[in-house]
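The values are calculated or read from the model by the stated rules, or taken from the named source; none is laboratory data. What you see is a predicted model; the values in this text were computed from it and never measured. Using ideal geometry, Cβ is built from the backbone for each residue, glycine included, and neighbour counts are taken over all protein chains shown. For accessibility, only protein heavy atoms count, side chains too; no ligands or nucleic acids. Shrake-Rupley method; radii C 1.70, N 1.55, O 1.52, S 1.80 Å.
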Amino acid sequence: MANFDTGDTKQPRESVRNPVGTFLAVFNAAETYDFYSDQKAKGTKTIDIVSFQGAKFPCTVGVVIGPQGGEIEPFFHSVEGVPQDEQVYFVYGMPEDFLNPTVQPIAELCMSGTFSLSNPFDPKFVIGNEFQARQSGGEAAIDFPVLYGKQCGRLVKICPITFPFKVLESSGRLNSPLFHRIIDLAALNAMCEIFDCGLRDFHGLPVAMRRAGGDIDSTQYASYSQYRQLLHEHVDAALGHFIDVHKDGFTYENVLRIVRALSLCAETGNLPFAISRWLQILAAQRFTADEQARQFEIEMTRLASQSPD
């Protein structure tokens with residue numbers, strides 16, 4: 001049984017008690033596909049906290065834990081797919097509106113289709129900024145939500161936190177850890193979306209028709225982990241080349257197009273050709289970012305639909 005420690009971390013943790021109220025467990029579904037899918041299959045209610053614009057798969061989600069919410073136990077089980085300590089955190093004292101699973105996403109990573117904001121709820125940065133959060137504490141911080149983490153099977157208080165949005169200016173994007181983190185999450189998010197759709201869409205149709213619709217057959221993989229292991233390195237490389245050419249034309253829609261094209265070609269055994277063709281398309285710099293991503297998707301979708309079963 002997981003224990004809660006809501007006392008001041010400066011004091012010895014001699015007494016352990018259950019909190020009054022509710023916690024919000026926060027993690028990136030895009031990084032923990034198996035765990036997230038398992039919880040959804042069990043009927044766990046999740047809150048979409050941060051989503052990429054137009055995405056069918058959420059990026060950062062929350063699970064309400066407490067009298068009216070779910071259980072904390074799954075977050076402490078040491079099994080495959082459960083978020084590790086650096087992939088999940090817990091917040092105590094969030095406003096009521098943030099704990100309603102029926103509301104729209106609390107925040108969006110993308111505005112007007114471009115990556116302009118950091119993800120203030122990303123566990124990597126929330127937990128990584130623990131020292132900064134402590135330093136900005138003070139007396140006024142008592143009204144802020146409190147960050148909790150896992151330690152030796154217990155939930156322990158770390159410090160008060162805020163969730164500041166940071167606008168990423170075009171001139172400084174390429175050197176910003178925040179921007180590169182968003183790109184990483186966008187790639188993983190697109191892979192989750194493609195894989196998730198491929199589990200259920202169009203399987204009653206002929207293979208060529210399914211592929212023409214842009215859907216892969218995810219059931220051919222033993223698990224999402226196998227799919228990710230096969231594609232992730234190639235997706236990262238393709239997006240890296242894309243950024244080198246189009247520093248300001250990067251959108252989630254284009255990420256999705258690139259991932260879909262590579263995924264279809266992986267299914268048909270044409271991945272090496274797809275990679276080389278993508279570099280050829282990028283070399284034609286007279287075209288915009290959208291045009292190149294769309295061209296790549298169209299060509300690889302057509303190739304996949306014409307490939308033998």
Taking segment 196-212 and keeping only residues that are within 16 Å of Lys56 (Cα to Cα) and in a loop (DSSP other than H, G, I, E, B), one is left with Leu199, Arg200, Asp201
Contact list, first residue from segment 149-173 and within 30 Å of Asp244 (Cβ to Cβ), second anywhere and part of a strand (DSSP E or B), beta-carbon distance below 8 Å, six or more apart or interchain, is Phe165/Ala107; Phe165/Leu117; Lys166/Leu117; Val167/Leu117; Leu168/Phe115; Leu168/Leu117; Arg173/Phe115
The lone condition Ala238 fails out of (1) modelled with pLDDT under 95; (2) within 21 Å of the chain's Cα centre (by Cα) is (1)
Could you say whether any residue in segment 98-112 is in a helix (DSSP H, G or I), open to solvent by less than 20 Å² (accessible area, probe 1.4 Å) and either modelled with pLDDT under 85 or touching a strand residue (DSSP E or B) at 6+ places or on another chain (Cβ under 7 Å) (or both)?
no
Filtering segment 247-286 down to residues that are part of a loop (DSSP other than H, G, I, E, B) and either in contact with a strand residue (DSSP E or B) (Cβ under 6 Å, 6 or more places away or on another chain) or under 23 Å from Leu185 (Cα atoms) (or both) yields Lys247, Asp248, Gly249, Phe250, Thr251
Legend entry - Residue in segment 137-151 that is modelled with pLDDT under 75, among the acidic types (Asp, Glu) and under 22 Å from Ile49 (Cα atoms) present: yes
**Asked** Restricting attention to segment 263-274, does a residue exist that is of a type in the set (Val, Ile, Thr) and either open to solvent by 50 Å² or more (accessible area, probe 1.4 Å) or closer than 25 Å to Ser176 by Cβ (or both)?
**Response** no
message: One residue is enough: does segment 60-67 have a residue meeting the conditions touching a Pro at 6+ places or on another chain (Cβ under 6 Å), at pLDDT 90 or above, surrounded by 22 or more Cβ atoms within 10 Å (Cβ to Cβ) and assigned to a strand (DSSP E or B)?
response: no
The condition from (1) more than 30 Å from Gly172 (Cβ to Cβ); (2) acidic (Asp, Glu); (3) open to solvent by 80 Å² or more (accessible area, probe 1.4 Å) that Glu253 misses is numbered (1)
